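Enquirer: Mind having a look at this structure? Questions to follow.
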Amino acid sequence: MKKTTPKQDLLRGVWRENPVLVQALGLCPTLAVTNTVANSLAMGLATFFVLMGSSFLVSSFRRWVPREVRISTYILIIATFVTVADMTLAAVVPDIHKALGAFIALIVVNCIILGRQEAFASRNPVGRSLLDAAGTGAGFVISLLLMGGIREVLGQGTFLGVPLLGPHYEPWVIMILPPGGFLTLGVILLAISAIERRRASRAERAAAGTMRRAA
């Protein structure tokens with residue numbers, strides 16, 4: 001594994017290796033629950049909590065877990081934190097918990113969480129594992145809020161239930177339906193690709209100009 005600094009561990013998952021927008025992981029909840037900002041925030045924070053808690057335990061006990069049972073051990077740890085998150089949401093925000101339905105329980109099999117345990121937390125000390133989990137979790141929350149904000153504003157004319165576009169706005173109902181999730185994600189990925197290509201083009205022109213001046 002390439003040596004990284006703690007700052008890189010924290011920031012990597014936010015943008016350069018964003019779990020949704022770059023690695024295309026965790027797309028099932030991303031497409032399913034981002035029809036409102038409230039649902040997106042609840043799912044994002046629940047996943048963040050599970051990722052942080054499981055990374056802490058996996059890293060803490062990495063030397064004592066036999067390799068033969070490591071995956072089942074990770075799943076058991078993750079399921080414990082998912083149960084806590086599920087019960088907390090049911091007690092604090094029952095309406096949102098009902099809207100999220102089975103997707104809270106399905107955090108157990110979210111490949112983002114299991115992937116970070118196997119690739120990072122099981123091989124690094126607790127501090128760096130928590131930084132990695134925080135960055136990845138923040139990247140996931142940002143992705144969900146970005147999609148949830150776009151879909152709720154266009155699909156309902158509101159943001160967190162607050163009207164934004166006035167009484168004469170005709171909502172794009174398709175944006176809060178499943179096809180709206182695919183459309184929103186596609187547009188976001190297209191915009192990110194365009195930004196990266198423009199940045200690479202500027203870097204190439206700058207390098208070419210430097211070489212001409214040096215010659």
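Enquirer: Based on this model, can you work out whether Ile195 counts as surrounded by 11 or more Cβ atoms within 10 Å (Cβ to Cβ), out of contact with any Asp or Glu (no Cβ under 9 Å at 6 or more places or on another chain) and hydrophobic (A, V, I, L, M, F, W, C)?
Expert: So Ile195 fails the test.
Enquirer: Look through region 155-176, keep the residues that are surrounded by 12 or more Cβ atoms within 10 Å (Cβ to Cβ) and touching a residue at least 24 places away in the same chain (Cβ under 8 Å), and return whichever of them is farthest from the chain's Cα centre (by Cα).
Expert: Per the criteria, the residue is Gln156.
Enquirer: Report the residue count in region 40-68 for those that are in contact with a Pro (Cβ under 8 Å, 6 or more places away or on another chain) and closer than 11 Å to Ala138 by Cα.
Expert: 1
Enquirer: Let me ask something else. State yes or no: is Asn18 of a type outside the set (A, V, I, L, M, F, W, C), at pLDDT below 95 and under 13 Å from the mean Cα position of the chain (by Cα)?
Expert: In short, yes.
Enquirer: Which number in (1) within 30 Å of Lys3 (Cα to Cα); (2) modelled with pLDDT under 95 marks the one condition that Leu177 misses?
Expert: So Leu177 meets the others, but not (1).
Enquirer: Would you please name the residue that is modelled with the highest pLDDT, looking only at residues in region 115-133 that are surrounded by fewer than 19 Cβ atoms within 10 Å (Cβ to Cβ) and within 18 Å of Ile78 (Cβ to Cβ)?
Expert: That would be Val126.
Enquirer: Kindly provide the set of residues from region 101-117 that are aliphatic (A, V, I, L, M) and either outside any helix (DSSP H, G or I) or touching a helix residue (DSSP H, G or I) at 6+ places or on another chain (Cβ under 9 Å) (or both), ordered by number.
Expert: Listed by number, the residues that qualify are Ile104, Ala105, Leu106, Ile107, Val108, Val109, Ile112, Ile113, Leu114.
Enquirer: Evaluate the following for Ser201: is it at pLDDT below 90 and over 28 Å from Ala85 (Cα atoms)?
Expert: For Ser201, the condition - at pLDDT below 90 and over 28 Å from Ala85 (Cα atoms) - is met.
The values are calculated or read from the model by the stated rules, or taken from the named source; none is laboratory data. Fair warning: this is a prediction, and the values are worked out from it, not measured in the lab. Using ideal geometry, Cβ is built from the backbone for each residue, glycine included, and neighbour counts are taken over all protein chains shown.
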